[in-house]
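The values are calculated or read from the model by the stated rules, or taken from the named source; none is laboratory data. Remember, predicted model here, so these are calculated numbers, not experimental data. Here Cβ is always computed from backbone atoms with ideal geometry, including for glycine, and neighbour counts include all displayed protein chains. The accessibility values were calculated without ligands, DNA or RNA, using every heavy atom of the protein model including side chains. Shrake-Rupley method; radii C 1.70, N 1.55, O 1.52, S 1.80 Å.
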Amino acid sequence: MRATFEKDFEEGMVEFRSRRDVDSTAFLRDIAAYFVQFEPGPRNLYHDFVATIRACNQLTTIATTNYDVLIEQAATQAGLAVSYKVHPIPPNNLSVLKLHGSCHFLPDLGTNIMRGVSFSGNATNVEAPVRIAVSTAEVLAFCNSEDSLAPAIALYAPGKRVLFSSGFVLRQQELWREAVSDADVIYTVGLRVLPADEHIWGAIGSAKGAIEYVGFEPDHFLSWADAKGRRNVHVLAKSFEAALPHIHGRIVTS
């Protein structure tokens, strides 16, 4: 069911770009404004996940394709800061990489102002440094006031193109490739096997570490692993909730 939804959404995004390309910037703002409003509830599993990472004695990096900031909020509520890099990580910081950008990655033009500009085509619209918004209100204010910019998030379409501040997101992906190549164990949670997403599955396929799969398409994953000649793979569980105790036991006690 989820795979069908994602396929339909991706096809819809392709159709949207072909018919209303000029509206892509506004659409990205709408996406960011939507996702930034989510917060982890008191029983959200991200709290347990952050506690697990915090208790681990080894360098652990969380990489996510999600646009929301649930992981960041769970970290903040646990008294941690977030570093969008792999090393060195300051004390009491969580290493997080956002492979498709994030709703709170805002292009920073400094003292320059851009108003009334429309874009179309497949090139990056604006290349600029990113400022990390510190609150939901800051992201919403940006999305409600801008008419020419959007946060640095990838389009949910083949190629996962980033129209604003693509350099920052590409650097996140570069750090991800470095991290996954050095990892002893790679946990993939809720991530569909899409070989076309070379920046993700190409990196995982080339990595030497063991791969632990969590998701509802284990046969698809095992077929991919077999085609890649990977033997150090294991289907851990179908859901994140079922997998979390096993992940905790393995990375905290190892």
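Surface analysis of segment 56-184 yields an accessible area of 46 Å² per residue, using protein heavy atoms and a 1.4 Å probe.
Computing the accessible area with a 1.4 Å probe over protein heavy atoms, can you report the carbon and sulfur percentage for the chain? Within the chain, the accessible surface is 54 percent carbon and sulfur.
Provide the net charge surrounding residue 76, with neighbours chosen by a C-beta distance below 15 Å and charges set as Lys +1, Arg +1, Asp -1, Glu -1. Within the 15 Å Cβ shell, the charges total -3. Counted by Cβ distance under 13 Å from residue 252, the other residues give a net charge of +1, where Lys and Arg count +1 and Asp and Glu count -1.
Of the peptides 212-222, 156-166, the order by per-residue mean of other Cβ atoms within 10 Å, starting with the highest, comes out as 156-166, 212-222.
Among 123, 74, 237, determine the one that fluctuates most according to a GNM of the chain built with springs between C-alpha atoms less than 10 Å apart. Judging by the Gaussian network model, the answer is 123.
Distance from a point 7 Å along Cα→Cβ of residue 250 to each backbone N in segment 43-85: keep the residues under 20 Å and list them by number. Counting only backbone N, you get 45-65.
Of the residues 159, 52, 102, the one whose Cα sits farthest towards the positive end of the charge dipole of the chain is 52 (charges of +1 on Lys and Arg Cβ, -1 on Asp and Glu Cβ, taken about the Cα centre).
Measuring between their Cα centroids, segment 102-152 and segment 23-97 lie 20 Å from each other. Rounded to the nearest 500, the helix-only mean residue ellipticity at 222 nm of the chain stands at -12500 deg cm²/dmol, with each DSSP H run of n ≥ 4 adding -39,500 (n - 2.57).
If the chain linking residue 238 and residue 76 were pulled fully straight, counting 0.36 nm for each residue of separation and taking away their Cα-Cα distance, it would gain 55.5 nm.
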